[in-house]
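Just below is one structure, and these are the notes that go with it.
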Number of protein chains: 2
Amino acid sequence: MNFQPLTPELVAAFEQIVGQHHVLTAQGVEADVYADYGRDHTEDLHYAPDVVLRPANAEEISQIVRLCHEHHVPVTPRGAGTGLSGGALPVHNGVVISTERLNKIIEIDERNLQATVEPGVINQVFQEAVQAKGLFYPPDPASKGSCFLGGNLSESSGGPKAVKYGVTKDYVLNVQVVLPTGDIIWTGANVLKNATGYNLTQLMIGSEGTLGIITRIVFRLIPYPQQNIVLLVPFRNEEQAAAAVSEIFRQGIVPSGMEFMEREAIEWSSRYLNIPLTLPEDILAHLLIELDGQDLDQLYKEAENLYGVLEKYDIGEILLADTVAQKEELWKIRRNVGNSVRYNSVYKEEDTVVPRAELPKLLKGVKEIGRRYGFNSVCYGHAGDGNLHINIIRGNLSDEMWNHGLREPIKELFRLCVSLGGTISGEHGIGLVQKPYIGIAIGEVQLELMRGIKRVFDPHGIMNPGKIF
Amino acid sequence: MNFQPLTPELVAAFEQIVGQHHVLTAQGVEADVYADYGRDHTEDLHYAPDVVLRPANAEEISQIVRLCHEHHVPVTPRGAGTGLSGGALPVHNGVVISTERLNKIIEIDERNLQATVEPGVINQVFQEAVQAKGLFYPPDPASKGSCFLGGNLSESSGGPKAVKYGVTKDYVLNVQVVLPTGDIIWTGANVLKNATGYNLTQLMIGSEGTLGIITRIVFRLIPYPQQNIVLLVPFRNEEQAAAAVSEIFRQGIVPSGMEFMEREAIEWSSRYLNIPLTLPEDILAHLLIELDGQDLDQLYKEAENLYGVLEKYDIGEILLADTVAQKEELWKIRRNVGNSVRYNSVYKEEDTVVPRAELPKLLKGVKEIGRRYGFNSVCYGHAGDGNLHINIIRGNLSDEMWNHGLREPIKELFRLCVSLGGTISGEHGIGLVQKPYIGIAIGEVQLELMRGIKRVFDPHGIMNPGKIF
């Protein structure tokens with residue numbers, strides 16, 4: 001793509017559209033604020049945008065994008081910047097459009113169990129708002145306290161509830177989008193079933209900001225499950241823990257959470273949080289299991305069935321959390337594994353996913369590849385979905401090994417996922433950092449279809465360029 | 001599109017690919033069989049294909065399609081021909097490719113709760129095969145005894161379980177497709193979460209055979225709910241029945257079935273089935289409600305809550321079906337409403353869908369439009385999803401009115417759906433017969449995106465031409 005430089009005339013036009021205060025540059029009064037828009041939560045990367053814009057609504061975004069389309073200026077849409085694949089990084093500079101001011105919950109429709117929101121609403125803020133009305137929006141990435149719903153759609157985010165309730169895409173009925181040409185469209189209708197034309201809604205979800213900027217979302221909601229039980233199950237063998245996951249589902253039990261943590265993952269996180277936790281030496285992994293529903297007696301029955309399945313494995317003593325505080329503490333440990341790894345070491349995170357019964361093979365393969373190439377990894381993730389987050393730890397690796405030498409083992413790892421029926425990202429997206437590997441998961445014919453779709457939406461290639469393919 | 005006529009050389013090439021016995025023509029020995037491929041379950045329509053092919057596998061389909069692509073010959077993919085929007089009709093003649101010989105269940109993977117099937121497997125055959133292993137595939141259109149799974153994907157079919165379990169699209173993990181160029185691809189991976197590139201899987205689903213021919217499907221399955229309760233609730237007022245639907249969900253009850261039937265719908269169907277049923281004169285509508293789960297005591301508790309909600313409405317005596325035979329009879333009545341309407345009268349069926357709380361307004365609007373234009377309708381459908389099937393009855397309408405005069409009232413009806421946040425098809429698709437109305441539901445910018453996507457997949461426009469837009 002041939003991009004054009006940003007001219008002073010364009011910057012002046014942007015100031016007209018969003019107001020001077022919402023145009024940030026390296027030279028401006030808020031230069032420190034501006035700098036933050038050049039990075040996200042992906043490793044150590046930074047790319048400087050020419051200008052950061054903070055529009056207030058879809059109409060302003062439409063005007064900005066139309067100008068960028070006409071002048072061939074790159075646009076990088078940005079939510080909260082909590083992404084883990086570099087999707088929000090302005091790798092071709094140009095304009096960053098932040099959705100932070102589109103942060104209104106427009107309506108919670110209790111009659112239809114639907115909600116209409118702007119993309120800059122924080123996931124947890126939305127969850128709490130609907131919960132106050134007895135309703136439930138299940139998708140909750142680890143970053144739920146800061147990530148935006150628009151970003152959740154763009155990366156097709158999951159989270160621990162996905163095992164029972166599905167991921168973000170399963171709750172989106174309709175999306176308003178500013179296309180790369182500046183046109184504003186709705187992708188569907190506010191209904192639970194829709195057989196009217198191609199599914200543009202699902203095409204937008206997971207397209208990582210390359211097909212347009214999401215400006216409004218209609219979600220479906222479900223009744224809030226009033227009761228839950230949380231168990232922490234220690235295993236003496238990582239692969240047995242992974243194997244138990246598949247067996248639980250085969251027995252007809254569908255937990256609302258089914259998280260796997262290696263010994264190191266739980267140790268690092270509890271140390272990071274200052275939560276005292278003494279693990280017997282022979283415990284090598286844990287499953288954190290949550291059951292939920294409307295009836296506590298029913299949950300205890302299910303828990304009995306669950307104990308029956310777990311008994312067959314070589315496990316330690318199960319911890320049953322029965323106070324709200326205990327449950328929250330266990331989930332807090334799980335949610336902070338990623339932060340604790342980030343705090344302890346430079347790392348690269350791979351977001352592998354396989355059919356859930358193949359998890360033991362994946363885990364064994366990760367460790368074997370690590371031994372062969374000389375790196376350590378901390379593994380944890382959403383075992384019920386077969387979604388394993390593999391954190392490769394920098395440790396004593398040389399610059400050469402860290403910057404170039406890991407390509408081959410990561411390729412081996414991804415090839416293993418694909419050979420097991422899986423793929424290279426379950427919920428983080430391809431973005432920038434997984435782009436070199438996409439050919440492992442997706443064939444050239446499919447990539448050519450995707451590029452074709454991209455050209456249909458974005459003939460000048462201005463929207464989040466340099467991502468996915 | 002400029003299509004080319006089918007040459008004798010091409011027919012000879014098809015005979016080479018699929019074998020002479022699987023090439024059917026108007027002049028061939030199986031001319032009567034051939035003729036069936038020119039119609040489906042949509043009204044009275046018939047279009048004659050030049051040739052019908054019955055290939056055995058994806059490779060044969062690929063060879064056929066490649067030839068058609070090169071020679072600009074139209075291809076119409078066909079499942080069981082049970083569609084209700086004319087999607088399988090060869091309106092530009094050319095080649096019909098039937099998937100009837102791709103009818104194998106390739107694997108039921110109990111470890112991963114997945115199954116791999118060919119598109120010509122009958123929905124009910126598949127349901128029963130997985131149920132024998134304690135597993136559940138919920139989507140079950142009324143035609144489940146004959147419709148193919150491939151067709152279910154193409155039209156994004158629903159069925160009565162959708163209210164709790166979602167529609168076909170919610171169970172598809174991965175699809176093998178022969179593209180309009182002849183290339184064979186898989187659209188995704190066999191995993192529950194996938195954030196790797198654009199969602200080609202969901203783009204294929206509901207594309208009504210215009211983007212390629214589905215040749216293999218990987219479904220996710222869930223544990224089979226072992227228990228259920230079925231209730232038939234009579235209402236003295238149709239709109240109250242529709243209003244109760246929304247209230248039930250607001251009270252945190254999620255039935256596995258929630259069907260609405262007007263008095264005439266239930267009368268026609270029970271008469272058609274020779275099932276004696278005496279309805280008190282003041283009963284104008286029914287809700288058929290099913291609750292399901294793993295525990296019967298739990299279901300009775302839920303039923304009590306349900307009674308608590310229903311009490312507030314002007315209802316007759318609730319019939320609780322507690323034998324298998326009784327439950328089956330009630331469901332049989334519901335499933336045969338469509339057949340009984342077809343048996344009683346020429347009709348046109350509209351597959352409207354709105355947010356569920358808007359059903360009373362839709363129902364009221366339908367009757368009002370009917371009164372104004374002088375037609376009767378029989379209404380029934382999946383009330384839990386807001387999906388109302390409106391059968392416009394021919395009755396004494398003139399040819400002029402039937403063939404042309406209904407356009408305006410149908411437009412009014414569809415505009416009403418859209419104004420209520422809904423759309424013009426919930427689960428039947430646009431196909432041929434709803435094509436004139438698509439502009440009511442989908443704007444020109446969105447249609448242009450869809451046409452662009454179509455061109456990316458099908459540069460010569462050969463695949464199911466004349467459908468959707």
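The values are calculated or read from the model by the stated rules, or taken from the named source; none is laboratory data. Quantities reported herein were computed from a predicted structural model and do not represent experimental measurements. Positions of Cβ are backbone-derived with ideal geometry, glycine not excepted, and every protein chain shown enters the neighbour counts.
Odds and ends about this structure:
- Test: A:ILE185 is of a type in the set (Val, Ile, Thr) and within 8 Å of chain B (Cβ to nearest Cβ): yes
- B:ILE222 vs. criteria among the β-branched types (Val, Ile, Thr), touching a Pro at 6+ places or on another chain (Cβ under 8 Å) and on the phi < 0 side of the Ramachandran plot: yes
Residue by residue, here is whether (1) out of contact with any Lys or Arg (no Cβ under 8 Å at 6 or more places or on another chain); (2) closer than 23 Å to A:ILE468 by Cα; (3) at pLDDT 95 or above holds:
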position: A:ASP50; (1), (2), (3): yes, yes, yes
position: A:GLN63; (1), (2), (3): yes, no, yes
position: A:HIS69; (1), (2), (3): yes, yes, yes
position: A:LEU84; (1), (2), (3): yes, yes, no
position: A:THR99; (1), (2), (3): no, yes, yes
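- Looking across B:LYS332, B:LYS301, B:LYS312, B:LYS361, one residue alone is in the same structural domain as B:GLY405 (by TED's automatic domain parsing) and out of contact with any strand residue (DSSP E or B) (no Cβ under 6 Å at 6 or more places or on another chain). It is B:LYS361.
- Checked against (1) touching a Cys at 6+ places or on another chain (Cβ under 9 Å); (2) in contact (Cβ under 8 Å) with a residue 60 or more places away in the chain, B:VAL73 passes all but condition (1).
- Inter-residue pairs, beta-carbon under 6 Å, first within 28 Å of A:VAL18 (Cα to Cα) and in the stretch A:100-112, second of a type in the set (S, T, N, Q) and at pLDDT below 95, 6+ apart: none
- Restricting B:ALA132, B:ALA195 to residues that are over 21 Å from the mean Cα position of the chain (by Cα), hydrophobic (A, V, I, L, M, F, W, C) and surrounded by fewer than 21 Cβ atoms within 10 Å (Cβ to Cβ) narrows the list to B:ALA132.
- Pairs, first in contact (Cβ under 8 Å) with a residue 60 or more places away in the chain in the stretch A:315-330, second in a loop (DSSP other than H, G, I, E, B), C-beta under 8 Å, six or more apart: A:ILE315/A:ARG236; A:GLY316/A:ARG236; A:GLY316/A:PRO280; A:GLY316/A:ASP282; A:GLY316/A:ILE283
- Tally of residues being in contact (Cβ under 8 Å) with a residue 60 or more places away in the chain, within 13 Å of chain A (Cβ to nearest Cβ) and out of contact with any Phe, Trp or Tyr (no Cβ under 8 Å at 6 or more places or on another chain) across the stretch B:117-141: 1
- Whether a residue is more than 14 Å from chain A (Cβ to nearest Cβ), buried (at least 16 other Cβ atoms within 10 Å of the Cβ), under 22 Å from the mean Cα position of the chain (by Cα) and of a type outside the set (D, E, K, R) was assessed, and B:ILE392 passes this test.
- If the condition is being buried (at least 20 other Cβ atoms within 10 Å of the Cβ), assigned to a helix (DSSP H, G or I) and under 20 Å from the mean Cα position of the chain (by Cα), then the stretch B:414-437 contributes B:PHE414, B:CYS417, B:TYR437.
- Taking the stretch A:309-337 as the range and being within 19 Å of A:ALA162 (Cβ to Cβ) and either within 14 Å of another protein chain (Cβ to nearest Cβ) or touching a Gly at 6+ places or on another chain (Cβ under 6 Å) (or both) as the test, no residue passes.
- Candidates in the stretch A:167-178 are the residues that are within 8 Å of chain B (Cβ to nearest Cβ) and either in contact with a helix residue (DSSP H, G or I) (Cβ under 6 Å, 6 or more places away or on another chain) or free of Cβ contacts under 8 Å to residues at least 40 places away in the same chain (or both); of these, the one that is surrounded by the fewest Cβ atoms within 10 Å (Cβ to Cβ) is A:ASP170.
- Any hit, the stretch B:300-308, residues being away from every other protein chain (no Cβ under 14 Å), within 28 Å of A:ILE222 (Cα to Cα), surrounded by fewer than 16 Cβ atoms within 10 Å (Cβ to Cβ) and aromatic (Phe, Trp, Tyr): yes
- Contacts under 7 angstrom Cβ, first residue in the stretch A:434-445 being within 8 Å of another protein chain (Cβ to nearest Cβ) and touching a residue at least 12 places away in the same chain (Cβ under 8 Å), partner of a type in the set (Lys, Arg) and surrounded by 16 or more Cβ atoms within 10 Å (Cβ to Cβ), 6 or more apart: none
- Residue-level check: of (1) in contact (Cβ under 8 Å) with a residue 24 or more places away in the chain; (2) away from every other protein chain (no Cβ under 11 Å); (3) farther than 22 Å from A:GLY338 by Cα, A:ASP399 misses just (1).
- Some residue of the stretch B:142-155 being within 11 Å of chain A (Cβ to nearest Cβ), in a loop (DSSP other than H, G, I, E, B), within 15 Å of the chain's Cα centre (by Cα) and closer than 28 Å to B:ASN387 by Cα: yes
- Considering the stretch B:267-292, the residues that are acidic (Asp, Glu) and assigned to a loop (DSSP other than H, G, I, E, B) include one that is modelled with the highest pLDDT, namely B:ASP282.
- A:GLU349 being buried (at least 23 other Cβ atoms within 10 Å of the Cβ) and among the acidic types (Asp, Glu): no
- Taking the stretch A:169-226 as the region of interest, the strands (runs of 3 or more DSSP E) fully inside it that hold 1 or more residues being in contact with a strand residue (DSSP E or B) (Cβ under 6 Å, 6 or more places away or on another chain) and within 15 Å of A:LEU149 (Cβ to Cβ) are A:172-178, A:213-220.
- Total residues in the stretch B:188-219, condition closer than 21 Å to A:GLY431 by Cβ, more than 7 Å from chain A (Cβ to nearest Cβ) and of a type in the set (Ser, Thr, Tyr): 1
- For the stretch A:95-111, the set of residues classified as crowded, with 24+ Cβ neighbours inside 10 Å and assigned to a loop (DSSP other than H, G, I, E, B) consists of A:THR99, A:LEU102, listed by residue number.
- Restricting the stretch B:352-374 to residues that are among the basic types (Lys, Arg) and within 14 Å of chain A (Cβ to nearest Cβ) leaves a set whose member that is surrounded by the most Cβ atoms within 10 Å (Cβ to Cβ) is B:ARG356.
- In the stretch A:25-48, residue surrounded by the most Cβ atoms within 10 Å (Cβ to Cβ) [restricted to those that are polar (S, T, N, Q) and without any contact (Cβ under 8 Å) to a residue 40 or more places away in the chain]: A:THR25
- Failed condition for A:ILE424, given (1) within 14 Å of another protein chain (Cβ to nearest Cβ); (2) at pLDDT below 95: (2)
- Spans of helices (runs of 4 or more DSSP H) in the stretch B:1-73 with at least 3 residues more than 25 Å from B:GLY431 (Cα to Cα) and out of contact with any Leu (no Cβ under 6 Å at 6 or more places or on another chain): B:8-18, B:58-71
- Test: B:GLY452 is at pLDDT below 95, assigned to a helix (DSSP H, G or I) and within 10 Å of chain A (Cβ to nearest Cβ): no
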